[in-house]
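Have a look at the structure below before the remarks.
The values are calculated or read from the model by the stated rules, or taken from the named source; none is laboratory data. The shown structure was predicted, so the numbers you read here are calculated from the model rather than taken from an experiment. Cβ sites come from the backbone with ideal geometry, for glycine too, and all protein chains shown count toward neighbours. The area values use the complete protein model at the heavy-atom level, side chains included, leaving out ligands, DNA and RNA. Shrake-Rupley method; radii C 1.70, N 1.55, O 1.52, S 1.80 Å.
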Amino acid sequence: MDCEQQLLAMSFCSHPSRLKLLRCVLRDAADMVGLTEEGSDAVVLAVNEACMNIIQHAYEMRPDGQIDLTIVQEPDALVFRVRDYADCVDIDKVCSRDLDDVRPGGLGVHLIGSLMDECGFLEPPADGGNLFQMKKFLKEQS
Amino acid sequence: MAFPVENKEGFSVVMLNGEIDLGNSPDARKVILNCLKKMKHVVVDLSAVDYIDSSGIASLVEGFQYARSNNLEFGLIGVSEAAMSVLKLARLDKVFEIHASLDERLKRGS
């Protein structure tokens, strides 16, 4: 494969119940490209966290928001892009917190950064919202 | 969704199971805090947890904080591999009191 191949593009509403369905899709995508179990677990948790952030912060727990997920296979990586249609985030305010400060919440960004090989916001879509990309290298294949 | 609670040897044991995510972590939080309001010793059994995200972890942290503020005991038992990996990533594996089982905790004494 010389270039990227889109494996899947889907949209779902921002209701927390959809996250379980999402995880099924993510796990199957990871299995399809031969990620190890550890890699698959990482992808499932990280992308779930990203979508959870959208539900909690972008849509403030409103269940009627739309989340778009695209999964792309590059020659050496699996790429996930999640897009919302909420107000643009201030990227400078999206950061990990000090883990020594034990408190509920605020772990999502840290988990995503720890689990994925690359992650970050892409140029905001022309018609609004936010676009976040996460990449997992396929370096250890089953 | 209500998570079952068993009372054993003076402990409330909250039995979380399956996948703990944003959909049901509020229920986990509620059960944990309700137990802490009634019992001095509460443990959460994570042996049947296949998946837990940061919202589930947050429920556990809230229990930990409530217990600490009210001089109660709160710990985790039977932490599954899935749950432990997330606790380690969040560097919480050294924060919670963790035992393999309630029996192990009881052997430790008061």
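Can you pull out every residue in the stretch A:35-55 that is farther than 17 Å from B:Ala83 by Cβ and more than 7 Å from chain B (Cβ to nearest Cβ)? A:Leu35, A:Thr36, A:Gly39, A:Val43, A:Val47, A:Ala50, A:Cys51, A:Asn53, A:Ile54, listed by residue number. Being farther than 27 Å from B:Arg91 by Cα and in contact (Cβ under 8 Å) with a residue 60 or more places away in the chain is true of A:Gln6. Scanning the stretch A:76-93 for residues that are open to solvent by 60 Å² or more (accessible area, probe 1.4 Å) and at pLDDT below 95 returns A:Asp76, A:Asp87, A:Cys88, A:Asp90, A:Ile91, A:Asp92, A:Lys93. All but one of (1) within 10 Å of chain A (Cβ to nearest Cβ); (2) surrounded by fewer than 13 Cβ atoms within 10 Å (Cβ to Cβ); (3) of a type outside the set (A, V, I, L, M, F, W, C) hold for B:Asp103, so report the exception by its number. For B:Asp103, the exception is condition (1). Across the stretch B:56-110, what is the number of residues that are at pLDDT 95 or above, more than 13 Å from the chain's Cα centre (by Cα) and of a type in the set (Gly, Ala, Ser)? Final tally of qualifying residues: 3. Of the residues making up the stretch B:68-79, those that are loosely packed, with under 13 Cβ neighbours inside 10 Å and part of a loop (DSSP other than H, G, I, E, B) are B:Asn70, B:Asn71. Sub-8 Å Cβ pairs linking a first residue in the stretch B:81-103 that is touching a residue at least 60 places away in the same chain (Cβ under 8 Å) to a second residue that is open to solvent by 50 Å² or more (accessible area, probe 1.4 Å), at least 6 apart or interchain, are B:Leu102/B:Lys8; B:Leu102/B:Glu9, ordered by first then second residue. Taking the criterion of being open to solvent by 30 Å² or more (accessible area, probe 1.4 Å) and either part of a loop (DSSP other than H, G, I, E, B) or more than 11 Å from chain A (Cβ to nearest Cβ) (or both), the residues of the stretch B:80-97 that qualify are B:Met84, B:Arg91, B:Asp93, B:Lys94, B:Val95, B:Glu97.
Screening the stretch A:119-142 for residues that are among the charged types (D, E, K, R) and within 18 Å of the chain's Cα centre (by Cα) and picking the one that is modelled with the lowest pLDDT gives A:Glu123.
So that you can scan it fast, the table gives a plain yes or no per residue for (1) within 16 Å of the chain's Cα centre (by Cα); (2) touching a residue at least 60 places away in the same chain (Cβ under 8 Å); (3) within 11 Å of another protein chain (Cβ to nearest Cβ):
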position: A:Gln66; (1), (2), (3): yes, no, no
position: A:Ile71; (1), (2), (3): yes, yes, no
position: A:Ala77; (1), (2), (3): yes, yes, no
position: A:Asp87; (1), (2), (3): no, no, no
position: A:Lys93; (1), (2), (3): no, no, no
position: A:Val102; (1), (2), (3): no, no, yes
position: A:Gly113; (1), (2), (3): yes, no, yes
position: A:Asp117; (1), (2), (3): yes, no, no
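Taken over the stretch A:110-131, the criterion of being more than 15 Å from B:Lys88 (Cα to Cα) and open to solvent by 30 Å² or more (accessible area, probe 1.4 Å) is satisfied by A:Asp117, A:Glu118, A:Cys119, A:Phe121, A:Leu122, A:Glu123, A:Pro124, A:Ala126, A:Asp127, A:Leu131. I'd like to check something: does the stretch B:35-42 contain any residue that is without any contact (Cβ under 8 Å) to a residue 24 or more places away in the chain and charged (D, E, K, R)? Yes - at least one qualifying residue is present in the stretch B:35-42.
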